[in-house]
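Just below is one structure, and these are the notes that go with it.
Read-outs throughout are calculated quantities, based only on the coordinates presented, and are distinct from any laboratory measurement. None of the values given here were measured: they were computed from a predicted structure. Heads up, the Cβs are rebuilt from the backbone with ideal geometry, glycines too, and the neighbour counts pull from every protein chain shown.
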Amino acid sequence: MPKVTVDGQEIEVPDGATVLQACELAGKEIPRFCYHERLSIAGNCRMCLVEVKPGPPKPQASCALPATEGQEIRTDSQMVKTAREGVMEFLLINHPLDCPICDQGGECDLQDQSITYGRGATRYEENKRAVTEKYMGPLIKTVMTRCIHCTRCVRFSEEIAGVDEIGALYRGEDMQITTYLEQAAEHELSANVIDLCPVGALTSRPYAFEARPWELKKTLSIDVSDAVGSNIRLDSRGREVMRALPRINDDVNEEWISDKARYQVDGLTKRRLDKVFMRKRGKLQPASWDEAFKAIAKAKPGKSIAAVAGDMVDCETMFAAKALLKACGSSLIEGRQTGMDYDVSNLAAVNFNSTFAGIEQADAILIVGSHVRWEAPLVNVRIRKAVKRGAKVFVVGPYWETTYPAEFLGEELGVLNKLPDAVAEAFKNAGKPAIILGGAALKGAHGKALALAHEFGAAFNVLHFSAARMGGLMLGFAQKGGMKDIAAAKPKVVLSLGADEMDFEPFADAIKVYIGHHGDKGAHAADIILPAASYAEKDGTYVNTEGRVQFAEKAVFAPGDAREDWTILRALADALGVNVGFDSFAELQAAMIAEVPALGEEGLADYGALPKADAKAKAEGTISAYPIKDFYLTNPIARASEVMQRCSAELLHGGDLAEAAE
Amino acid sequence: MADRSPAPDTPELRERWGAFEFNESYRAKADKAIARYPEGRQKSAVMPLLDLAQRQVGEETNTQGWLPLPVIEYVADYLDMPVIRVLEVATFYFMYNMKPVGKYHVQVCGTTPCMLRGSDGLFETCKKRGMSKGHVSEDGLWTLTEVECMGNCATAPMVQINDDNYEDLTPERLDAILDALAAGEQPKTGTQIEGKRTSEPEGGPTTLKDMVDANHDYRGEW
């Protein structure tokens, strides 16, 4: 713990800290461009110069200088001020003064720091350098003339994403950042380089010239495109969500989000259900709320009513549906729309118990039936970190392109019954082994995986990919036999809460009521459509796959006649003549928390200990495919989004299209 | 600085170079270069490998050699590293030719000492033979490049042709060298002044003369 003096103030800094970190601990702001907490240190922008004694009599780059005992650091001397002015002047030599037409304007590090640390005017009279634009795919817009060569994007794709595709070609003044042959950046986290870029060289292509940061209303929200529950900020103007940006949460998403979380928001304004529709003579026709409610009441469902929750609904909606059904005398609620029926008597057995931050510490990881890169890109980032620390990774399931060395053990789940020696060895010698079970393996290998976890003392993790899953399970949205039980009960009315992936076939005789926000599969099959709010248009509680309860706020109003889901269910209760016991959102929440107290507290829910493992359990079956066929089109919002459709066509099926053209 | 962008990725380029592989002798040299580095650090051999690849391309095309994209991809594959990282290296060092060159790559130094000693005349000489900067001459024999300091300032002006330096040049001496190369002969490398061995002063030493024959202790004379 070296002691250093920063501007006369003596502080103790942790071992291994840099001078820059020491200055930050002392509360001094150090300007920087290339330095980033989560990336390796490059030391090439020179903006963080400070004066350090003892040392050479010249300013030093604080980001790359270790803090040592007895250093005297000055951040306020004339030398430092002149050095910063000089560096800034050099950086601006080749940087165009096109701030008025630059999308980074208003949230640009270079702009802000040149105001604070720059000279105010340039002495440069020669021609500026210009760089041709580089294509980086449908998400990243490039204006490479603005690039200041901080190489954050290069380091991000190499270190965090693990897909080495951005590089710095040529040298000196001619240095250019590009992808190989200007191919699109093809991974699920590519757009994070937009946030990392301290200038306007890499900006968001779909958001180009849409809005200025100061016009936007910022709402704290939770991403629902996967079960990671990334913390996001929705920036909205008027009734439209303009963009989604990551918020920093070291326990969940650090400061990254997947491209789908970021760019599906344009789907919020497309293919929306903004009117009540009813099927009349086989065709969906616009109708009024009254008509719709009367039609449902006329069916006299009584106890014969079921509710199926979709992948993106909040806990409040599910609880409102549960309360409504309870009031009717039914308990036919289910959230696993695709028909899975794993045992949920102990929620710890279907939870990601390591936690995301904890999986980084694992030193042997067995992934069973999960395409982690697509099902939870940010968990994949954590696993990559673990591998960098020396963890061994084994995967059971069809091959997918990992971003770290991993050994594939085949598609047969039976391999778990007699683990190959290398795997058993690695797990025996591991201090913190972990097993990750994906949706594809829950059916055939749940019991065996639990037994293995018990045998090796490994952390047991289930990786879901529906944002609503853990919340639904906590609220009891699970039947013993899954969807089969619901179908067997032959309900007269089926409420689909944004459930688009469910099979409507068995409910041919029932009145199918779709309460959702997008005209997708569910709406096509429905008899009555009640337009509801998407995640951006309602307050709500979400529980991610590690059991973390998080609260999202409402960013905008739902379009047209659409209402927040709970109000629809509340009105439906009146139409059916039952009492659900709440009249406001606050009452609803209070009732929900009274029933499931864990939902009232943000943070990890406590599910208790893992169930006793059945040592005789056997794994059987084959994983022929993972549930996600197309990363960019997994939910109705993404399917409605033009950006996601373009990504899907260009990045995933680009090869197919080119082949078809030939 | 010369344009260092890679030759365009065309179907013709792929057809010509797509199947590039090290031949036996180059593979042996490449593996030897890789073996110099510890296990897991094979990537460190990227520079020698690019050089070897360029030389093999040179042998196949009877030129100094260059690095077509498929060859760069082959090297990346050989070392199991991302191709963008190899391309970064290849575009950084001007010793790697990114475009086809002639049989003789004439690199004339144009930095201050050489310029003061008459490198402009050397460029004139080259131009008279139909060379122009950055292009292959019509007969396929020459490529002219202006380069920065090669560290031979004591024997300026100088020219590097493929692997050899030719120093103490005048337009006439350069002409003679180029004639010899065109005729398929190997001219004398290094300094072109008769009787001079390397970078010693012309006409014998001008300082420390007593040191010529034996070690002389000057300290008493200070």
Q. Kirkwood Rh, Cα Rg: Rg to Rh for region A:428-576?
A. 1.06
Q) Could you give the Stokes-Einstein D for chain B in µm² per second, using the C-alpha Kirkwood radius, 4 °C, 1.567 mPa s? A) 66 µm²/s
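Roughly what % antiparallel, to the nearest 5, for the DSSP beta bridges in region B:92-222? Walk me through the intermediate numbers first.
Values: 7 of 16 bridges.
Here the share of antiparallel DSSP bridges comes out near 45 percent.
Based on DSSP H runs of at least 4 residues, each adding -39500 (n - 2.57), what is the mean residue ellipticity at 222 nm of chain A after dividing by all its residues, to the nearest 500 deg cm²/dmol?
-7000 deg cm²/dmol
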Q | Nonlocal amide H pairs with A:MET242, under 5 Å, H built at 1.01 Å | A | A:ASP235, A:SER236, A:ARG237
**Q.** Overall dimensions of chain A as given by Cα atoms, namely Rg and Dmax in Å
**A.** 27.3, 88
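Please compute the Kirkwood hydrodynamic radius of region A:402-495 from all pairs of different C-alpha atoms, in Å with one decimal.
Values: mean 1/r = 0.0626 Å⁻¹.
For region A:402-495, inverting the mean 1/r across all distinct Cα pairs yields 16.0 Å.
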Q: For region A:157-196, compute Rh as the Kirkwood radius over C-alpha pairs and then the Stokes-Einstein diffusion coefficient at 4 °C and 1.567 mPa s; write the answer in µm²/s, rounded to an integer.
A: 118 µm²/s
Q. Of the listed peptides A:598-605, A:146-153, B:12-19, what is their order by residue-averaged count of other C-beta atoms within 10 Å, with the highest listed first?
A. A:146-153, A:598-605, B:12-19
Q: Under a cut-off of 19 Å between alpha-carbon atoms, report the aspartates and glutamates in cross-link reach of A:LYS484, not counting same-chain residues fewer than 8 places apart.
A: A:ASP311, A:GLU334, A:ASP341, A:ASP343, A:ASP500, A:GLU501, A:ASP503, A:GLU505, A:ASP509
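Sort B:38-45, B:195-202, A:446-453, A:311-318 for me by packing, meaning the mean count of neighbouring Cβ atoms within 10 Å per residue, highest on top.
The peptides rank, most packed first, as A:311-318, A:446-453, B:38-45, B:195-202.
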**Q.** Cα gyration tensor shape for region A:567-662, rounded if a/c is under 1.5, else prolate or oblate
**A.** oblate
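In region A:50-98, which GluC sites (Glu not before Pro) fall in coil by DSSP and have 10 or fewer other Cβ atoms within 10 Å? Let's see the in-between values first.
Working: sites: A:GLU51, A:GLU69, A:GLU72, A:GLU85, A:GLU89; in loops: A:GLU69.
Sites meeting the loop and neighbour criteria: A:GLU69.
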**Q.** Lone cysteines, chain B (no partner Cβ under 4.7 Å)
**A.** B:CYS126, B:CYS149, B:CYS153
**Q.** Those aspartates and glutamates that a straight Cα-Cα span of less than 19 Å connects to A:LYS58, excepting residues fewer than 8 apart in one chain
**A.** A:ASP7, A:GLU72, A:ASP76, A:GLU85, A:GLU89
Q) Residue by residue through region A:78-83, which ³J(HN,Hα) values in whole Hz follow from phi under the Karplus form 6.51 cos²θ - 1.76 cosθ + 1.60 (θ = phi - 60°), with glycine and proline marked x? A) 4, 4, 5, 4, 5, 4
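Give, rounded to the nearest 20 debye, the magnitude of the charge dipole that region A:393-439 has about its Cα centre when Lys and Arg contribute +1 at Cβ and Asp and Glu contribute -1 at Cβ.
Numbers: 3 positive and 6 negative charges, 51 e Å.
Here region A:393-439 has a charge dipole of around 240 debye.
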Q) What list of ³J(HN,Hα) couplings, whole Hz, do you get for region B:52-67 from phi and the Karplus terms 6.51, -1.76, 1.60, once you set θ to phi - 60° and write x for glycine and proline? A) 4, 4, 4, 5, 5, 4, x, 5, 5, 10, 6, 9, 5, x, 8, 10
Q. Among A:576-589, B:205-218, what's the highest-first ranking by average C-beta atoms within 10 angstrom per residue?
A. A:576-589, B:205-218
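Classify region A:344-472 from the C-alpha gyration tensor, please: rounded if a/c falls under 1.5, else prolate or oblate depending on whether a/b exceeds b/c.
Working: a/c = 1.29, a/b = 1.14, b/c = 1.14.
Rounded, because the longest to shortest axis ratio a/c is under 1.5.
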Q: Kindly flag which residue pairs out of A:LYS490/A:LYS521; A:LYS217/A:LYS270; A:LYS218/A:LYS512 have an alpha-carbon separation exceeding 26 Å in this structure.
A: A:LYS218/A:LYS512
Q) What FRET efficiency would be calculated for the residue pair A:ASP112, A:ALA594, taking the C-beta separation as r and a Förster radius of 45 Å, to the nearest 0.05? A) 0.40
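Please compute the Kirkwood hydrodynamic radius of region A:320-400 from all pairs of different C-alpha atoms, in Å with one decimal. Before the final figure, lay out each step's value.
Numbers: mean 1/r = 0.0649 Å⁻¹.
In region A:320-400 this quantity evaluates to 15.4 Å.
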Q: Per residue of region A:465-478, in order, report the coupling 6.51 cos²θ - 1.76 cosθ + 1.60 (Karplus, θ = phi - 60°) as ³J(HN,Hα) in whole Hz, putting x for Gly and Pro.
A: 10, 10, 4, 8, 4, 5, x, x, 5, 5, 8, x, 7, 7
Q: Work out the charge dipole of the protein assembly as shown with +1 on the Cβ of Lys and Arg and -1 on the Cβ of Asp and Glu about the Cα centre, then indicate which of A:ILE628, A:VAL368, A:ILE568 is farthest towards its positive end.
A: A:ILE568
Q: Could you list which residues have their amide H under 5 Å from that of A:ILE232, counting only those 5 or more apart in sequence or on another chain, with H placed in the peptide plane?
A: A:SER221, A:ILE222, A:ASP223, A:ARG247
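What list do you get for A:ILE511, A:ILE568 if you sort them by fewest beta carbons within 10 Å? List each step's numbers first, then the result.
Values: A:ILE511 21, A:ILE568 27.
Ordered by Cβ neighbours within 10 Å, fewest first: A:ILE511, A:ILE568.
Can you list, largest first and rounded to whole Å, the semi-axes you get for region A:246-401 by taking the square root of 5 times each eigenvalue of its Cα gyration tensor?
Values: eigenvalues 334, 88, 44 Å².
Working from the Cα gyration tensor, I get semi-axes of 41, 21, 15 Å.
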Q: Would you calculate the separation in nanometres between label points at A:GLU602 and B:ASP139, each defined as 7 Å from the Cα along the Cα-to-beta-carbon direction?
A: 8.0 nm
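Do any chymotrypsin sites (Phe, Trp or Tyr not before Pro) in region A:176-223 lie in a loop, going by DSSP, with at most 13 other beta-carbon atoms within 10 Å of their beta carbon, and if so which? Show your work: numbers first, answer last.
Details: sites: A:TYR180, A:TYR207, A:PHE209, A:TRP214; in loops: A:TYR207, A:PHE209.
Passing both the DSSP loop test and the Cβ count: A:PHE209.
Just tell me how shielded A:167-179 is by partners: mean number of partner chain Cβ atoms within 10 Å of each residue's Cβ, no decimals.
On the way: counts 9, 5, 10, 8, 7, 2, 1, 6, 3, 2, 0, 3, 1.
For peptide A:167-179, the averaged partner shielding equals 4.
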Q) Just for the Cα atoms in region A:223-322, what are the lengths along the principal axes, largest first, rounded to whole Å? A) 51, 30, 22
Q: Just tell me which lysines come within less than 30 Å, Cα to Cα, of A:LYS432; anything on the same chain fewer than 8 places away is out.
A: A:LYS385, A:LYS388, A:LYS392, A:LYS418, A:LYS443, A:LYS448, A:LYS612, A:LYS616, A:LYS618
Q: Please list the equivalent ellipsoid semi-axes of region A:468-507, computed as the square roots of five times the alpha-carbon gyration tensor eigenvalues, in descending order and whole angstrom.
A: 18, 13, 9
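What number, in nm² with one decimal, is the all-direction average of the projected area of the convex hull of the alpha-carbon atoms of region A:1-133? Please list the in-between numbers first.
Numbers: hull surface 38.0 nm².
Averaged projected hull area, Cα only: 9.5 nm².
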Q. Rounded to the nearest 5, what is the percent of antiparallel bridges among the DSSP beta bridges in chain A?
A. 55 percent
Q. How big is region A:563-620 by Rg and Dmax over its Cα atoms, in Å?
A. 18.7, 52
Q: Go from 0 up to the bin containing the longest alpha carbon distance in region B:136-222, width 5 Å each, and give me the % of pairs per bin.
A: 3, 11, 19, 19, 14, 10, 8, 6, 4, 3, 2, 1, 0
